[in-house]
1. Treating only the Cβ atoms of Lys and Arg (+1) and Asp and Glu (-1) as charged, compute the dipole magnitude of segment A:4-190 about its Cα centre; round to the nearest 20 debye.
2. Count the DSSP beta bridges whose two residues both fall in the protein assembly as shown, then state the antiparallel fraction as a percent rounded to the nearest 5.
3. Among the aspartates and glutamates, select those whose C-alpha is under 19 Å from the C-alpha of B:K12, and discard any that sit fewer than 8 residues away in the same chain.
4. What is the ratio of the Cα radius of gyration of chain A to 2.2 N^0.38 Å, with N the residue count, to two decimals?
5. Any idea how far apart A:S169 and B:N79 come out in nm if each label point goes 7 Å out from Cα toward Cβ?
6. How big is the C-alpha Rg of the protein assembly as shown next to the rule-of-thumb value 2.2 N^0.38 Å, as a ratio?
7. Can you bin segment B:1-124 into rounded, prolate or oblate? Criterion: square roots of the alpha carbon gyration tensor eigenvalues sorted a ≥ b ≥ c, rounded for a/c under 1.5, prolate for a/b above b/c, oblate for the rest.
8. Any chance you could count the Lys pairs in segment A:28-163 whose alpha carbons are under 24 Å apart, treating pairs 8 or more apart or on different chains as valid?
Amino acid sequence: MMKRYDAIKRIVESTDDEFIISNIGFPSRELFGIKDRKNTFYMSGSMGMATPIGLGLSLALEQNQDDRKVIVIDGDGSLLMNFGELVTVYAQNPSNLIIALIDNEAYGSTGSQETYASRINLSNIAKSIGFNEVYYIDAKNSVDDIDMQDYVNKKGPVFLHIKVNPGNSDAPIIDLTPSKIKNRFMKQIHE
Amino acid sequence: MDSTDVIYNGLKNAGINFIVSVPCANLKKLLNLIDDDDDIKHVPVTREEEGFGICAGAYMGGMKPAILMQNSGLGNSVNVLASLNKLYNFPILMIISHRGTFGEGVYGQIPMSKATTKVLDSLDIIYHKVDNPNDAEEIVEKAWNLSKISEEPIALLFDINYWKRSVNDEKI
């Protein structure tokens, strides 16, 4: 029974020096507990903003002819909160952005209340918006198929839809201040 | 030169090179000027809240961000302003068309019009009402500079009459 934690672990283990923007709540805490990296931005507080932050960074890197990649670890509840962002990503068409959507059909950080992701197919929605690079991994029983290196060199934007079971791990609180998270992340970008 | 040109000049002088927007009738000309400017990356967004998130990412990537919006969009953006911009200290210049002020013809604009400065005060965001187009160029540049060094959002409010005034109008 694979959960978000297992998927995040595979994502970060198969990530090289790509920038990661990680989603509010347990996803960031789980990521921090698995492997703290200076080029991870742990978002806290603004649900639904992980993908927009990733999009802004992707566009800035493109403007500055910087060919590094951006991976957003987003969630189904967060995506549903700001659904228009998928349309903006498609319309802006960044080639360097990978949205790794971990879909556990639940608001995980608040007690695993069911989301409407259980009733719809988010991959099909991404396809119908027009995304060319849409991938689905059923990781409910195994996360072995998750390898971010399969996606980082695609001409994005990539929508990687990973289905897991709901539930949180015993993740630590992130003992970094927001300014520290931002400043060390920016240092990685600009040095 | 009109009341829009001076805002555009201020943005250019400030070095703003990344702009997100949700349109307002009073921002129409400014949006066209920005679209025609190859040195400014313009990203129309579906909702102002999303725009603040995009600008935070762009700032980390080295861009100088601004948002063009109507004051109604402030209501859509309260949490992101508090929990992203203020929490992480992200600067952004907010160019806000303040609808629902004297001269408004749409009653739907009035409730958010009255709430606008109170919402900004609640969020502890510095704002300035720009009345005189003769001052706008300088104020826009100074507002970005203050945003940058304070690492906080700063809002400039342009009411309905602002857009009707002309530059060098002695009656102001």
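Please treat every number below as a calculation from the coordinates, not as lab data. Predicted, not measured: the structure shown is a model, and the values here were computed from it. Cβ coordinates were reconstructed from backbone atoms using ideal geometry, including for glycine residues, and neighbour counts include every protein chain displayed.
1. Here the size comes out at about 440 debye.
2. Antiparallel bridges: around 5 percent, rounded to the nearest 5.
3. Reachable aspartates and glutamates: B:D2, B:D35, B:D36, B:D37, B:D38, B:D39, B:D135, B:E137, B:E138, B:E141.
4. So chain A has a normalised radius of gyration of 0.93.
5. Taking the two extended label points, one gets 2.6 nm.
6. This ratio for the protein assembly as shown stands at 1.02.
7. oblate
8. For segment A:28-163, qualifying lysine pairs total 15.
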